[in-house]
Amino acid sequence: MKRVLITGAAGFLGSHLSDRFIKEGYHVIGMDNLLTGNMANIEHLFPLKEFEFHYHDVSKFVHVAGELDYILHFASPASPIDYLQMPIQTLKVGSLGTHNLLGLAKEKKARMLIASTSEVYGDPLVHPQTEDYWGNVNPIGPRGVYDEAKRFQEAITMAYHTYHNLETRIVRIFNTYGPRMRVNDGRVLPAFFSQAIRGEGLTVFGDGSQTRAFCYVDDLVEGIYRLLLSDTHMPVNIGNPDEITIKEFGEEVLKLVDNPKAHLVYRDLPKDDPKVRQPNIDLARKVLGWEPKVDRAEGLRRTYEYFKTVVERQE
Ligand code: UDP
């Protein structure tokens, strides 16, 4: 049985990845310090002998007993609100945490996959974003703590690949959504869904003309799984290229939730908020034979079911 360590296992993506690797017949070692993770996301895995959980902060020395075939580093605060509130932890998990895990991967002769992000492109001047674009990032702005940690993470991962011959994979993840997103993480989809369900104003930042392209979580997990097993050590974008303005996105959520009290309200645009974002996924198509399968209408329906239950339980 192959053994995989997944950091951030109690988080949104980490928990879906844990499910997938269990389903594929792996032994999964989940690790999390629960800074932004939620045990409810992985509670269903605890009865399984194929799953074990380690409560640990990967910014500190990481030890795992026994062999490891793969390490997936998904621990990090991941929403702009989170990294405003936890800037130092965000920098540490992307830098020190990545260094510790690369050391572990080298020791165990494991293949290491890191969760990078479209944020490495910053407020992009190339659109859609291809992997060979170097980005437009403000290192000292509010997003700098995340963006630069992730850029450093890519740099150190490539260095281990080059100098230590470590097998490494780099996925650049674009906006992803689905069940288990934290309701109050401040990101646009949880914000809009919870506001619409409660019959409040959906807080559109700026005039809502900025764009994003949203990928359903199952599609992302499939892309990551394929990338891990591929022989591609260069960064690969995984995301859904179906781009939409934030205002139109708010209107879609309003229509789906259909709460007569809900409506759009406008708030100041946060500093350094990227004006556009859309992945170019030609490389993923070519080297992984991957493209997203779940369109936004279907993905939003599935996600709404989740938020309905969680938001109503909170009331
Ligand atoms: N946004 C918004 N209202 C919210 C939260 C976010 O209009 O309540 C906007 C935000 O300004 C950005 C987009 O939605 O342009 C996506 O924001 P999110 O925080 O989800 O992630 P980002 O893609 O910026 O990292």
Q | Single unsatisfied condition, N237 versus (1) more than 18 Å from the chain's Cα centre (by Cα); (2) surrounded by 14 or more Cβ atoms within 10 Å (Cβ to Cβ); (3) in a strand (DSSP E or B) | A | (1)
**Q.** Among the residues listed as L254, L269, L202, the single one being within 16 Å of the ligand (Cβ to nearest atom), touching a Gly at 6+ places or on another chain (Cβ under 8 Å), touching a residue at least 40 places away in the same chain (Cβ under 8 Å) and not in a loop (DSSP other than H, G, I, E, B)
**A.** L202
Q.
Against the definition (more than 16 Å from the ligand (Cβ to nearest atom), more than 22 Å from the chain's Cα centre (by Cα) and surrounded by 16 or more Cβ atoms within 10 Å (Cβ to Cβ)), how does K108 come out, yes or no?
A. yes
Q) Which pairs have Cβ atoms under 6 Å, sit 6 or more apart or on different chains, and link a residue in the stretch 185-196 that is closer than 17 Å to A78 by Cα to one that is in a helix (DSSP H, G or I)? A) G186/I81
Q. Take the residues of the stretch 251-291 that are exposed (fewer than 12 other Cβ atoms within 10 Å of the Cβ) and touching an Asp or Glu at 6+ places or on another chain (Cβ under 8 Å): which is farthest from R187 (Cα to Cα)?
A. R285
Q | Among the candidates S76, S59, S18, residue that is among the polar types (S, T, N, Q) and farther than 21 Å from Y225 by Cβ | A | S59
Q. Of all the residues that make up the stretch 292-315, how many are surrounded by 15 or more Cβ atoms within 10 Å (Cβ to Cβ) and within 24 Å of T130 (Cα to Cα)?
A. 3
Q: Please state which one of L91, L34, L68 is touching a helix residue (DSSP H, G or I) at 6+ places or on another chain (Cβ under 9 Å), assigned to a loop (DSSP other than H, G, I, E, B) and surrounded by fewer than 24 Cβ atoms within 10 Å (Cβ to Cβ).
A: L68
Q: Quick one: in the stretch 161-199, of everything that is more than 8 Å from the ligand (Cβ to nearest atom) and among the basic types (K, R), which residue is farthest from the chain's Cα centre (by Cα)?
A: R198
Q: Report, by residue number, each residue of the stretch 294-315 that is of a type in the set (A, V, I, L, M, F, W, C) and modelled with pLDDT of 95 or more.
A: V294, A297, L300, F307
Q.
Looking at the structure I just gave you, is V217 within 16 Å of the ligand (Cβ to nearest atom) and in contact with a Lys or Arg (Cβ under 7 Å, 6 or more places away or on another chain)?
A. no
Q) Do the conditions hold for P139, that is, is it farther than 30 Å from Y306 by Cβ and not acidic (D, E)? A) yes
**Q.** So V204, is it buried (at least 23 other Cβ atoms within 10 Å of the Cβ), on the phi < 0 side of the Ramachandran plot and at pLDDT 95 or above
**A.** yes
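The values are calculated or read from the model by the stated rules, or taken from the named source; none is laboratory data. Every value quoted in this text rests on a predicted model; they were computed, and no experiment measured them. With ideal geometry, Cβ positions are generated from the backbone for all residues, glycine too; neighbour counts draw on all protein chains shown.
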